[in-house]
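The block underneath contains the structure these notes are about, expressed in structure tokens.
The values are calculated or read from the model by the stated rules, or taken from the named source; none is laboratory data. It should be emphasised that the depicted structure is a prediction, and the values quoted were computed from it without experimental measurement. Because the Cβ atoms are built from the backbone with ideal geometry, glycine has one as well, and the counts that use them run over all protein chains shown.
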Amino acid sequence: MKSGINEIIPLYRQKTFWTAVAGVCTAAGAYFEGSLGLTGLISAVFGGLAVIFMRQGVEKSTYIPHDQRGDSNITG
């Protein structure tokens, strides 16, 4: 059975999550280095969180458990 179509993928195994974490870490590093202001850091943190939660919301809204799926015969 293929993973991902029949089950929800955990957060830590998603590329979207790690991309958002990398963006937040990069922004934090730039803030502490002095090349990014506090507003830029806050924007990056909220942007990363928005991407993570939006991805989770889309995945949960399109997920249909295997036992609740109808058959693929749409002609009747």
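For this structure, a couple of remarks:
Quick grid of which residues meet (1) more than 25 Å from Ile9 (Cα to Cα); (2) modelled with pLDDT of 70 or more; (3) more than 11 Å from the chain's Cα centre (by Cα):
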| position | (1), (2), (3) |
| --- | --- |
| Ser35 | yes, yes, yes |
| Gly40 | yes, yes, yes |
| Ala44 | no, yes, yes |
| Leu49 | no, yes, no |
| Gln56 | no, yes, no |
| Gly70 | no, no, yes |
| Asn73 | yes, no, yes |
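- Restricting attention to the range 27-50, the residues being part of a helix (DSSP H, G or I) and surrounded by 13 or more Cβ atoms within 10 Å (Cβ to Cβ) number 11.
- Contacts under 8 angstrom Cβ, first residue in the range 43-55 being free of Cβ contacts under 8 Å to residues at least 12 places away in the same chain and closer than 21 Å to Tyr31 by Cα, partner among the hydroxyl-bearing types (Ser, Thr, Tyr) and not in a helix (DSSP H, G or I), 6 or more apart: none
- Counting only residues that are at pLDDT below 95, over 16 Å from the mean Cα position of the chain (by Cα) and assigned to a helix (DSSP H, G or I), the range 3-26 holds 0 of them.
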